[in-house]
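Undergrad: The following block contains the structure, expressed as structure tokens.
Every number in this text was worked out from the coordinates using simple rules, so none of it is lab data. Not measured: the values here are computed from a predicted model. When we count neighbours, we look across all protein chains shown, and the Cβ atoms used for this are built from the backbone with ideal geometry, even at glycine.
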Amino acid sequence: MKIKGAAAIVKCLLEQNATTVFGYPGGQIIDLFDELYREPKITSVLTSHEQGAAHAAEGYAKATGKVGVVIATSGPGATNLVTGIADAYLDSVPLVAITGNVPVPLLGRDSFQEVDIAGITMPVTKHNFIVKNAQDLPDVIRRAFSLAKSGRQGPVLVDVPKDVQQAMIEYEQKPSDPPSAPTEPKDITAAVNLINAAKRPVIYAGGGCIASDASEQLTQFAERIKAPVALSVMGLSALPKTSKYYAGMIGMHGHASVARLIGQSDLVIAAGARFSDRVAGDRTKFCKHAKILHIDIDAAEIDKNVTTDAHICGDVKQTLELLNARVEQKADETMLQLNAELKREYPLPDCKGKLSPRTVIRYVSAHARDAIVATDVGQHQMWVAQEYSFPAPRTFLTSGGLGTMGFGLGAAIGGAVGTGKRAVLFTGDGSFHMNMNELATATRLNLPITVFVFDNRTLGMVRQWQTLFYGGRYSSTNLDGNKTDFVKIAEAFGAKGYILDDDKDVAKIVDTALSENGVTVVDCKIDRDEFVLPMIPPGKTMNDIITSLDEPKKENRQ
Amino acid sequence: MNGSTEKSHIISALVSNESGVLTRISGLFARRCYNIDSLAVCATEDEKLSRMTIVVRGDDSVLKQIVLQLGKLPDCKLTGELNANKSVLRELLLIKINAAADKRAEIETVARTYEAKIVDLSPDSIVMELTGKPGKIDGFIEVLKSYGIIELSRTGLTALERGGGKLNS
């Protein structure tokens, strides 16, 4: 059957069951949008900005486990995707980005809205393609999906010149590739021996546990070896807070109890985690007293940051299943008891202002039980990571690796569209200013999204560093001059806005905001000198943890 | 990083013979801060594949990372380290030096000693060609320095393992 290239792209999207795409049209991608217009089985979500579309596709992918699809035109449309693509790369989010480009004869001539997006995105994609031969188009799209969802997942970009979209090509429907079999873990004997010999094991679980849907196996594993589970930011939601095995968050702003727990362990088992610098501040000193076992699907992660004593390269879920069948059942609950004691001994610090962000988060956590939770990046993100009780895997959408301010609203839209559930976005006044234009998208679609803006008239996380490490010189972080009225902003976009400035009003206002069907924005006025504690200063170890501001470490480190 | 254990490694990689592949691989080396001493690309017996021979410096953990990171590129089909002692290592040199009439006989003697070929003559210069192990090339260049090197071009190392086997990772 001969059809247009653009029509073949749409057919291939259907082959992949990609029924929702996010994007923004433009001159060199009109043909593809024209074909989407004629295809009722695909919902095309128009955003305000391509960056928002990319984050929405990420949020969709993270919340549903499917491959996210984002479409943009050439030139600025394509470059606006780059932050989202890089974000997906660092957090291993399966994403296919399709960009238009100028017709093949115009490539390389600095034509209008021409940019080498394949060259630009090479370092932040698993792979990318420029399709110059129209007949290659269907197989390239199929390959892009296959690459995005296989092994360690990630973004793939396909750049399609306009004449390739317009060319008539032969198309034959093919079934979607079955998900490639997870990497078969090879020899696990060394790992089994290490676990059996351990007296005080701790599990450090990361985003790989979410990506491979391994929560059940993780809990069974923790039960079998009586090990508490510390979660990286990307691993949060892999285990409910209520679980007996839940220890808390590990890393720069992780729970102090977890830092101490890890310090007492004789075996750290990293499962789908990568010892990033935000977890292993000083990678050469990380858990020197303990043995390290690393489970990861990406062989290149093994021994990359921290040298391991044993490793298993494979899908986390499958690996944990194998381990659960092989390791000895332990009876000694020493580490579980220690975990419970340390949690009691080292509770999270309280906030001091009239409205505590922690109070808001805890209340929302208790009353928006089913919601998808998104954040932007900064203090609010860490407070949510520390406090929120995520009800199930894939309910937490955050930018972990790239740390993208402006990620949240797009992600919340993608999460709400993908799951049909309410999305709650926690953001700061700094982050929200970056991409709040997507309120237009959320209100147009009448999505049930509630935004909590932790409004402290400063770029709080940078201010915190300036306080601790830069002698209180608040360079370019003071937003006092901002005249933004978030309630009016909400109303101007067709949403409802509320102000919250006192702990005693939390229940009333949060209940109201969460009961609305459409978009609501709650301007939460908080004190600018609330800090995210505890904090392990960058490049340091858990011995240097700051748990209160009476012991600031004034040092210039970045 | 670990100056004491840093040494040269020869990586041989079979990659897709497509545009952009060299950029992907050199970009990977640049952004992950791996040091390339030389990189040579050539056609192979299979028209779909090119062979890259890359000489890098680093300790064993860096080498392991390089091979694993290369392995993640879909365009990189096979990657492995060549053992220098069990491989044929060759490089081609073209070198142009000053050669006034009274020095020609001397230069020809040097060329014969190294089995270099004289491939171009002009009234006051000579271009010579030499193939050999990098060490031999280095030595040859050193000897010719006294005559005045006008310019030179080296291909960088290319290599194959000795014996009947093929590259496998």
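Undergrad: Using the basic label-point model (7 angstrom from Cα toward the beta carbon), what is the A:T284 to A:S475 distance in nanometres?
TA: Result: 2.8 nm between the two label points.
Undergrad: Assuming a ≥ b ≥ c are the square roots of the Cα gyration tensor eigenvalues, decide whether chain A counts as rounded (a/c under 1.5), prolate (otherwise, with a/b larger than b/c) or oblate.
TA: oblate
Undergrad: Provide, for q = 0.13 Å⁻¹, the log10 of I(q)/I(0) from a solvent-free Debye sum over equal Cα point scatterers in the range B:88-158.
TA: Results for the range B:88-158 at q = 0.13 Å⁻¹ read -0.32.
Undergrad: Exceeding 24 Å between C-alpha atoms, which entries from my cross-link table qualify? They are A:K132/B:K48; A:K4/A:K132; A:K199/A:K285; A:K285/B:K72.
TA: Violating the 24 Å limit, Cα to Cα: A:K285/B:K72.
Undergrad: Right, here's the next one. Please give the net charge around A:A57, taking every other residue with its beta carbon less than 11 angstrom from that of A:A57, where Lys and Arg add +1 and Asp and Glu add -1.
TA: So the environment of A:A57 carries a net charge of -1.
Undergrad: Tell me whether the range A:197-270 comes out rounded, prolate or oblate; compute the Cα gyration tensor, take square roots of the eigenvalues as a ≥ b ≥ c, and use a/c under 1.5 as the rounded threshold.
TA: Verdict is oblate for the range A:197-270.
Undergrad: For labels at B:D60 and A:S176 in the simple 7 Å Cα→Cβ model, what's the distance in nm?
TA: Taking the two extended label points, one gets 4.4 nm.
Undergrad: Looking at this model, which pairs from A:K126/A:K241; B:K7/B:K86; A:K66/A:K174 are more than 25 angstrom apart at the alpha-carbon?
TA: Checking Cα-Cα distances, A:K126/A:K241 exceed 25 Å.
Undergrad: Counting partner chain Cβ atoms within 10 Å of every residue's Cβ in A:295-304, what's the average?
TA: 3
Undergrad: Now for a different question. From the P(r) of the range B:3-82, can you give the percent of Cα pairs sitting at distances over 14 Å?
TA: Distances greater than 14 Å cover 58 percent of the Cα pairs.
Undergrad: Taking every pair of Cα atoms in the range A:357-536, average 1/r, invert it to obtain the Kirkwood radius, and report Rg/Rh to two decimals.
TA: Rounded to two decimals, Rg over Rh is 0.94.
Undergrad: May I ask you to sort A:W465, A:W383 by Cβ crowding, counting other Cβ atoms within 10 Å and putting the fewest first?
TA: Listed from fewest to most nearby Cβ atoms, that is A:W465, A:W383.
Undergrad: So for each of B:62-70, A:291-299 I average, over its residues, the number of other beta carbons within 10 Å; can you give me the resulting order with the highest mean first?
TA: Taking the mean over residues of other Cβ atoms within 10 Å, the ranking is A:291-299, B:62-70.
Undergrad: Moving to a separate point now. Can you compute 3J(HN,Hα) from phi for each residue in the range A:191-203, using the Karplus curve 6.51 cos²θ - 1.76 cosθ + 1.60 with θ = phi - 60°, rounded to whole Hz and x for Gly and Pro?
TA: Taking θ as phi minus 60°, the curve returns 5, 4, 4, 4, 5, 4, 7, 6, 9, 10, x, 10, 9 Hz for the range A:191-203.
Undergrad: Please list, ordered by chain and number, the residues whose modelled amide H lies under 5 Å from the amide H of A:I312; skip anything fewer than 5 residues away on the same chain.
TA: Here the answer is A:H294, A:I295, A:D296, since their amide H atoms fall under 5 Å of that of A:I312.
Undergrad: Name the long-range amide H neighbours of A:I169: under 5 Å, sequence gap of 5 or more, or other chain; modelled H, no Pro or chain starts.
TA: Distant-sequence amide H within range of A:I169: A:I3, A:K4, A:G5.
Undergrad: How far apart, in nanometres, would the label points at A:K488 and A:R362 be if each is projected 7 angstrom from Cα along the Cα-to-Cβ direction?
TA: My value for the distance between the label points is 3.5 nm.
Undergrad: Let me ask something additional. Amide H of A:I98: which non-local residues (sequence gap of 5 or more, or other chain) have their own amide H closer than 5 Å, using H built in the peptide plane?
TA: The answer is A:V70, A:I71, A:A72, A:V158.
Undergrad: Mind ranking A:504-514, A:58-68 by how tightly packed they are, going by the mean number of other C-beta atoms within 10 angstrom, highest first?
TA: For the peptides A:504-514, A:58-68, the packing ranking is A:58-68, A:504-514.
Undergrad: Mind checking which aspartates and glutamates have their C-alpha under 16 Å from A:K508, skipping anything on the same chain fewer than 8 residues away?
TA: Filter leaves A:E516, A:D523.
Undergrad: I would also like to ask the following. Using helices alone, I'd like the mean residue ellipticity at 222 nm for chain A: each DSSP H run of four-plus residues gives -39500 (n - 2.57), total over residue count, nearest 500.
TA: Taking each H run of at least 4 residues, the total per residue is -10000 deg cm²/dmol.
Undergrad: To the nearest whole number, what is the average tally of beta carbon atoms from other chains within 10 Å of the beta carbons of peptide B:63-75?
TA: Other-chain Cβ atoms within 10 Å of each residue's Cβ, averaged: 4.
Undergrad: Considering the convex hull of the alpha carbon atoms of the range A:1-154, report its projected area averaged over all viewing directions, in nm², one decimal.
TA: 8.4
Undergrad: Answer rounded, prolate or oblate for the range A:189-345, using the Cα gyration tensor with square roots of eigenvalues a ≥ b ≥ c: rounded when a/c is under 1.5, else prolate when a/b is larger than b/c, else oblate.
TA: Taking the square roots of the gyration eigenvalues as a ≥ b ≥ c, the range A:189-345 is rounded.
Undergrad: Provide a whole-number value for the mean count of partner chain Cβ atoms within 10 Å of the Cβ atoms in peptide A:113-123.
TA: Partner-chain Cβ atoms within 10 Å, mean over residues of A:113-123: 2.
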